[in-house]
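Notes follow once the structure below has been shown.
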Amino acid sequence: MYAAALAIALTACTAQAEEPAADPDTEQGSAEVEAAGFEEPGDPYAPTDPELTERLHLPLYDYNLDEYEQWTIRRAQDVLTVDCLDELGFEASVSWETDSLEELLTHFGPHHSYRRYGVASTDLAEEYGFGIPEGDDTGNPWTVADASQEEAAADAYTGFSHTGGEIETPSGDPAPEGGCKHQANLGINPDSPPPGEDGYWSATEGEPMPDTPGLHSRVDDLLGESYSAGMEDPAVEAANEAWKECAGLSGYTVGPGGASEVMGEGGDAVLSAECADTSGYLDAFVAAETRAQEAMVEEHRAELEERREQLDAELAAARTVLGW
């Protein structure tokens, strides 16, 4: 999700603050000017459901940044990307209104858990059914003023020419190794791994994806493994049968996560969510994943703790970039 040039940001920003007037005695850097346009959210977790968040909590979440923290790093990366593009002569700026952090936390929660087992919130099911509201197409996390330079800026961003030629910049300076995206990553973590020759990051055989700022690929992989283990847990299988009976779906090979495929997008999402609760499905699945993850944590503890420390340092660096 990080690899594509001009990738649409997963999350978004809050209200803009007035950009301070330039101090004639102080020359602000480009990144400082960009960061000045962004205020720290007062209570970013206000849209979440604390009880549901706690109920669905899994051990591996403790070793990863939550959605708001990852979003903070992405916003800092956008500021540093624009700083890099500006140095190459592009008139670039951060798109502060890109997407919506509030929407992300409302529908998925701090750890993307509210829909891990199907629609888990009856309140959200009542308001939105199985879906989520389609936000406005707010574009890229950064833009360039001259539309004719968009392709060149995208190449400078990735450090890879999609036409096979040289990367041309308005200043005439070469794009930095790894592109402005990698330079932004280095501004968050000086040890951030470079992309491949094609401008993308990829996993090697037997190893997770390289960890660029904000990411914890080992946790992501282990979360997938624990989910698969949960699907095969006898208590979860029994609870799934109880959920199907409650939801009127006996005879179907389906669980809460696939309810909309059987009931339709306009189906009774509230019934599905209520049945996931009363059947014990949610609690059984969380318990099964917790057991699996506790063993995983014991096996990978040193690696998990080391990366968590790095993530905390990356978050602190991102907050510094944003002036928070």
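Some points to look at:
- Residue among Tyr252, Tyr227 that is of a type in the set (Phe, Trp, Tyr) and touching a Phe, Trp or Tyr at 6+ places or on another chain (Cβ under 9 Å): Tyr227
- Glu103 meets the conditions (1) in contact with a strand residue (DSSP E or B) (Cβ under 7 Å, 6 or more places away or on another chain); (2) among the charged types (D, E, K, R); (3) under 22 Å from Arg319 (Cα atoms); (4) surrounded by fewer than 17 Cβ atoms within 10 Å (Cβ to Cβ) in every case but one. The failed one is (1).
- Going through (1) within 27 Å of the chain's Cα centre (by Cα); (2) surrounded by fewer than 20 Cβ atoms within 10 Å (Cβ to Cβ); (3) in a helix (DSSP H, G or I) one by one, Ala276 falls short only on (2).
- Residue in the stretch 222-240 that is under 27 Å from Ser100 (Cα atoms), touching a Pro at 6+ places or on another chain (Cβ under 9 Å) and among the polar types (S, T, N, Q) present: no
- For the stretch 165-174, the criterion of being without any contact (Cβ under 8 Å) to a residue 60 or more places away in the chain, surrounded by fewer than 17 Cβ atoms within 10 Å (Cβ to Cβ) and either within 30 Å of Arg319 (Cβ to Cβ) or within 23 Å of the chain's Cα centre (by Cα) (or both) is met by none of the residues.
- Condition met for Asp211 (more than 25 Å from Trp96 (Cβ to Cβ), in contact with a Pro (Cβ under 8 Å, 6 or more places away or on another chain) and in contact (Cβ under 8 Å) with a residue 60 or more places away in the chain): yes
- Sub-9 Å Cβ pairs linking a first residue in the stretch 223-242 that is aromatic (Phe, Trp, Tyr) and surrounded by 15 or more Cβ atoms within 10 Å (Cβ to Cβ) to a second residue that is modelled with pLDDT of 95 or more and assigned to a helix (DSSP H, G or I), at least 6 apart or interchain, are Tyr227/Phe285; Tyr227/Glu289; Tyr227/Ala292, ordered by first then second residue.
The values are calculated or read from the model by the stated rules, or taken from the named source; none is laboratory data. No experiment lies behind these values; they were computed from the predicted model shown. Quick reminder, even Gly has a Cβ in these numbers, built from the backbone with ideal geometry, and neighbours come from all protein chains shown.
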